[in-house]
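A short worksheet on the structure shown next.
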Ligand code: SF4
Ligand code: SF4
């Protein structure tokens, strides 16, 4: 994996909170901060066991760290969007075998009403990049995820109504029947309490 030069996680810990982790060496509920996350009075933060963090943490980077289509402003704790590389659920209609997922980890409606976010969606959809919009579920649940490469979105882009279309997608995601995320391993649950 190649990392974008000069780009650091800093005090972002979004990927230590939003997703679930289900590995033999570490387990965590989605939406629960890892108990190794630190929050410093100075405003800094990060992983308290960084040098000894388990392999799953060493191998994961969000797409902001690995894909050069995102500007510096997209750091997840600042943008409210956790971008990730999606390899599953890509239709064979696409030339690309991988896509981009955009998980709304901040204020979803506020985010999709931002011009920079709409511009990214418009560019991706019109360039036939597989794009997905995702919303974390309640603590312990799987996220809701839908494709943005739809006829509705293409039509909305043509009519200059992408904001309204994204608001509608957020409404669908908020009404999702969120299912529990399966945690099959045990022994090192690092989820912080409710
Ligand atoms: S979400 Fe991305 S920037 Fe934030 S800590 Fe994880 S890898 Fe780093
Ligand atoms: S152990 Fe892993 S999940 Fe926990 S804070 Fe460190 S990097 Fe994040």
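Brief remarks follow.
- Across segment 55-103, the qualifying residues are those that are closer than 18 Å to residue 169 by Cβ and at pLDDT below 95, and the one among them that is farthest from ligand 2 (Cβ to nearest atom) is 91.
- Check on residue 69, touching a strand residue (DSSP E or B) at 6+ places or on another chain (Cβ under 7 Å), surrounded by fewer than 19 Cβ atoms within 10 Å (Cβ to Cβ) and part of a loop (DSSP other than H, G, I, E, B): no
- Scanning segment 68-115 for residues that are on the phi > 0 side of the Ramachandran plot and in contact with a helix residue (DSSP H, G or I) (Cβ under 6 Å, 6 or more places away or on another chain) yields one hit, 80.
- Index of the failed condition, residue 120 passing every other in (1) without any contact (Cβ under 8 Å) to a residue 60 or more places away in the chain; (2) surrounded by 17 or more Cβ atoms within 10 Å (Cβ to Cβ); (3) not in a helix (DSSP H, G or I): (3)
- Count - residues of segment 135-194 that are within 30 Å of residue 115 (Cα to Cα), assigned to a loop (DSSP other than H, G, I, E, B) and more than 16 Å from the chain's Cα centre (by Cα): 9
Yes/no matrix, rows are residues, columns are (1) under 24 Å from residue 129 (Cβ atoms); (2) surrounded by fewer than 16 Cβ atoms within 10 Å (Cβ to Cβ); (3) in the same structural domain as residue 130 (by TED's automatic domain parsing):
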site	(1), (2), (3)
21	no, no, no
30	no, no, no
36	no, no, no
46	no, no, no
56	no, yes, no
82	yes, no, yes
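- With respect to the conditions (1) under 22 Å from residue 142 (Cβ atoms); (2) in a helix (DSSP H, G or I), residue 82 falls short on a single one, namely (2).
- Boolean, residue 149 is in contact with a strand residue (DSSP E or B) (Cβ under 8 Å, 6 or more places away or on another chain) and over 21 Å from residue 102 (Cβ atoms): no
The values are calculated or read from the model by the stated rules, or taken from the named source; none is laboratory data. Predicted model only: the values in this text are computed from it and were never measured. Please note: Cβ atoms are built from the backbone with ideal geometry, for glycine as well, and neighbour counts cover all protein chains shown.
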